[in-house]
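The values are calculated or read from the model by the stated rules, or taken from the named source; none is laboratory data. What you see is a predicted model; the values in this text were computed from it and never measured. As a convention, Cβ positions derive from the backbone with ideal geometry for all residues, glycine included, and neighbour counts pool all protein chains shown. Please note that ligands, DNA and RNA were not included when accessible areas were found on the heavy atoms of the full protein model with its side chains. Shrake-Rupley method; radii C 1.70, N 1.55, O 1.52, S 1.80 Å.
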Amino acid sequence: MNRAAPAILFAFPEFRRMARELVRSPGMVEGRFRADRYGNGEWHVSLGADVAGKECVVLGTVTPPADSMVALGILVHTLKKEGARRITALLPYLAYARADKDHERESMGAAWLGGFLASSGVDEVVTVDLHSDRDRVLFPIPIVSLSPATLFARAFGGRRLRDAVVVAPDRGAIPRCEAARTALGILRPAAYFEKHRHGRRMTQCGPFGDVGETAILIDDIFDTGMTLSLAVRALRKRGVRSIFVAATHGLFTDLKFRPDSVAGMVVTDTIPRTKGPPKGVKVLSVIPLLKGHFGARYA
């Protein structure tokens, strides 16, 4: 889709490196802004560019702490107030997307986030590896989800894993596993686990499907690692000797799993962090995915 004028990219400081690469893409230029606090802690945003009638992309995060979401929301609102024609929120990791089930007397964070972004002035969200299609239903604005399958294929393709089986740690991960299996050129059907929650307790059944000596576990979020830990244990009981893990978003919260206990593990850089990943984890850049998407859109 061609544009008469380039899109303006407004990136928060933690995404500066990613932004430098994106503005090298055709049809995208850097936009400057300041996000400061008043003495009482309230946010204030000032723009360094005229955005009237322009298409804008805001690269940031809604991941806790809540300050991130407030700053992003005020920036978007300011762009809309100043006449931006269209605003895309580029959120590599879409926080709250797991809170997509309607349980009685419980919050549903995905629906709340969608409403917040829409009311702030966002017209569309672009993310990497959306948690589930239920999020699309809950959001009042479109969501574009970019698949990391090609990144995982490049990371594991050189290991000659054509005879491996791709394994989903739960049914929800089956579609992303099928995408990775295709990208890796693996012919063997994917295997999967079934996960059940009982309050705060979780049980897992499986694996269902044939597994060999080598397996690649693929999921969207690596948080505590409990789901993957149970899956690894079950696979080893089934005789799997080499296990590789690929997870799109590495949260690494209160780890229950040692990444260096498997043959290899990769995550992407969708979540900015001040220190390196845990031992045994390789980080893949999502910049090729983002450049491919926006390059095609604005070229």
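Below, the figures for the structure above:
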quantity	calculated
In Hz, Karplus ³J(HN,Hα) per residue of segment 182-188 (6.51, -1.76, 1.60; θ = phi - 60°; x = Gly, Pro)	5, 5, 7, x, 8, 8, 5
Value in Å of the Kirkwood radius, where segment 116-241 supplies the Cα pairs that are averaged	15.9
Fraction of beta bridges assigned by DSSP in segment 1-139 that are antiparallel (%, nearest 5)	25
Residues of type aspartates and glutamates that residue 275 reaches as a straight line, Cα spacing below 19 Å, ignoring anything fewer than 8 places off in the same chain	14, 223, 254, 260
Volume per residue that the Cα convex hull of the chain spans, once the total is divided by residue count, Å³	144
Cα-centre dipole for the chain with unit charges at Cβ (Lys and Arg positive, Asp and Glu negative), debye to 20	900
Estimated vicinal HN-Hα couplings, Hz - segment 257-263 in sequence order (Karplus 6.51, -1.76, 1.60; Gly, Pro = x)	9, 9, x, 7, 8, 10, 5
DSSP bridge orientation in the chain - percent antiparallel, rounded to nearest 5	20
Listed residue pairs exceeding 28 Å between alpha carbons, taken from 80/291; 195/256; 101/282	101/282
Computed label-point distance, nm, for sites residue 118 and residue 224 using a 7 Å Cα→Cβ extension	3.3
Share antiparallel - DSSP beta bridges, segment 6-49, percent rounded to 5	60
Residues of segment 166-194 with amide N under 13 Å of the 7 Å Cα→Cβ point at residue 202	169-173, 193-194
Residue order for 17, 188 - accessible surface, 1.4 angstrom probe, largest first	17, 188
Calculated FRET efficiency for the pair residue 160/residue 98, C-beta based, R₀ 25 Å, to 0.05	0.15
Area accessible to solvent at residue 143, 1.4 Å probe radius, in Å²	20
Accessible area per residue in Å² at 1.4 Å probe, computed on the chain	49
